[in-house]
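Remarks on the structure that follows.
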Amino acid sequence: MSGNDTPEVVIVGGGPAGSLLANYLGKRGIHTDIYESRSDPRTDEQSHGRSINLALSYRGLAAMSPVGLTDRVMKMCVPMRGRMIHSKDGHLAFQSYGVDNAQAINSISRGGLNAAILDAASKYSSVRLLFNHKCTDVHLAQGEVAFTNTRTNESTIARGRVVVGADGAFSVIRRAMQKLDRFDFSQTYLRHGYKELTIPADRGSGFAIEKNALHIWPRRSFMMIALPNFDGSFTCTLFWPFEGANSFAAIQSKKELSRFFTEQFPDALPLMPNLAQEFFENPTGSMVTVRCEPWHCFDRAVLFGDACHAVVPFYGQGMNAAFEDVLVFAELMDQWGRDWGKLFREYEQLRKPNTDALANLAIENFVEMRDRTGSRRFRLKKKSEKFLGRWLRGWYIPLYTMVSFTRTPYAEAVRRARRQDALVAAGAFVVAVLLVTLLTAILHNFLWHC
């Protein structure tokens, strides 16, 4: 696309969601400019931003398939077939994710994934990528967005028929919408933060711990997880309260840090030679849930991904949900074409109830991962779900399976899981009553003959 062409769509935010949307628009020949505040991640490693690993599952893969990205992205993934639970005493317990070993979620570098999707978008002649452009002002009714080039300090006004806010949980586009009448917005922070640490690759065997698993060290009020990287290392994330006895604020020295890890994560400590340096140098991140409505205004501005529904990372669905936003929007375009106002309304109607349901699931799963995964009762529950899912295939589908391995809408998955659990509980009660009745009859018959 030549520099003089006026884009039909201006995308603010070149992260995974914005860049995937650019692929769909480019495939349709829609002139699109995508503006990103960071440098090009394909040439600047530091521009990758957050290094936190992402869990790519069925919804995300389904969204990449129509634009031919699935095979390329899968080559960058390490499949994780279940959770590996690490107890304090060193005991390991593996809990598979699916009803069979073929089902897995995939660990992938956020920066590497973003670079691959941007690279694919750049191949379309109708798509233009502009990096180092920070959004400074927005006039949504006119479809105008102001940017400042962070390298040259030059200002630019972008105009488009459609303005897309794909600029994350602290979206500038959403902030402009918040000034409009009857716009509802809420953000809720967890009292826990996160810090990224590393288990480097083992020089002898590659992966120092089980490769095809998401590792969890559950410790009730806090936990640590580790996701595998393609190079044999693991990206660890410590989820910890900001304040309190066991918290980020409580550790002020290398000695205190060493004592804490010796007590809580004894099997991980020998695998983390750079622990002290990373702990005291890496930033502590916060986790926020964002809800808002409407997601669009003036029939010319619309939000995607974290900009309208940021969730905490504990169901591994944040990116997958953002990608599914794009896929649902593209499916609606197949139906309605470029009737943008109609598209925006239908898109929000389909997606908002489901992303609200996901927000609740993600918070609930934090408690499950942190407090319950190490218990025998939890392991028995998961084994029961797996048994029912295998032997009652098609009728009973575990909630995690519906969320991670199907495109069942999140809200419907929750409703179905509740119905299933109620039916299973009722069935168990009936079986128990029948058994008691049978045993009573046998006992009565025995006593009668005595």
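For the stretch 42-68, a residue qualifies if it is at pLDDT 95 or above, surrounded by fewer than 20 Cβ atoms within 10 Å (Cβ to Cβ) and in a loop (DSSP other than H, G, I, E, B), and exactly one does: G68.
Matching residues to (1) in contact with a helix residue (DSSP H, G or I) (Cβ under 7 Å, 6 or more places away or on another chain); (2) not in a helix (DSSP H, G or I):
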position: G111; (1), (2): yes, no
position: A115; (1), (2): no, no
position: K134; (1), (2): no, yes
position: D137; (1), (2): no, yes
position: T152; (1), (2): no, yes
position: G168; (1), (2): yes, yes
position: R174; (1), (2): yes, no
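A single member of A115, A93 is in contact (Cβ under 8 Å) with a residue 24 or more places away in the chain and more than 17 Å from I209 (Cβ to Cβ), and it is A115.
Name every residue in the stretch 154-166 that is assigned to a loop (DSSP other than H, G, I, E, B) and open to solvent by 40 Å² or more (accessible area, probe 1.4 Å), in order of residue number.
Residues satisfying the conditions are E154, R161.
For the stretch 223-245, the candidate set comprises residues that are surrounded by fewer than 18 Cβ atoms within 10 Å (Cβ to Cβ), out of contact with any Gly (no Cβ under 7 Å at 6 or more places or on another chain) and not small (G, A, S); within that set, the residue that is nearest to S107 (Cα to Cα) is F230. Could you tell me whether any residue of the stretch 75-97 is within 30 Å of Q264 (Cα to Cα), of a type in the set (S, T, N, Q) and surrounded by fewer than 17 Cβ atoms within 10 Å (Cβ to Cβ)? There is at least one residue in the stretch 75-97 that is within 30 Å of Q264 (Cα to Cα), of a type in the set (S, T, N, Q) and surrounded by fewer than 17 Cβ atoms within 10 Å (Cβ to Cβ). Scanning the stretch 51-94 for residues that are among the charged types (D, E, K, R) and closer than 23 Å to P41 by Cα turns up D71, R72, K75. Determine which single condition K27 fails, assuming it passes every other condition in (1) modelled with pLDDT of 95 or more; (2) crowded, with 24+ Cβ neighbours inside 10 Å. Unmet for K27, out of (1) modelled with pLDDT of 95 or more; (2) crowded, with 24+ Cβ neighbours inside 10 Å: (2).
Within the stretch 319-331, residues that are in contact (Cβ under 8 Å) with a residue 40 or more places away in the chain sit with their Cβ atoms under 7 Å from residues that are among the aromatic types (F, W, Y) and assigned to a helix (DSSP H, G or I), at 6+ positions apart or across chains, in these pairs: V326/Y24; F329/Y347; A330/Y24. Please work out if F170 is hydrophobic (A, V, I, L, M, F, W, C), at pLDDT 95 or above and open to solvent by less than 80 Å² (accessible area, probe 1.4 Å). Here the answer is no, as F170 does not meet what is asked.
Looking at D119, D137 in this structure, which one is open to solvent by 10 Å² or more (accessible area, probe 1.4 Å) and closer than 25 Å to A321 by Cβ?
Testing whether each residue is open to solvent by 10 Å² or more (accessible area, probe 1.4 Å) and closer than 25 Å to A321 by Cβ leaves just D119.
The values are calculated or read from the model by the stated rules, or taken from the named source; none is laboratory data. Bear in mind that the values here come from a model prediction, so they are computed numbers and not experimental data. Here the Cβ is made from the backbone with ideal geometry for all residues, glycine too, and neighbour counts use every protein chain on show. What goes into the accessible areas is simple: the full protein's heavy atoms, side chains included, and nothing from ligands, DNA or RNA. Shrake-Rupley method; radii C 1.70, N 1.55, O 1.52, S 1.80 Å.
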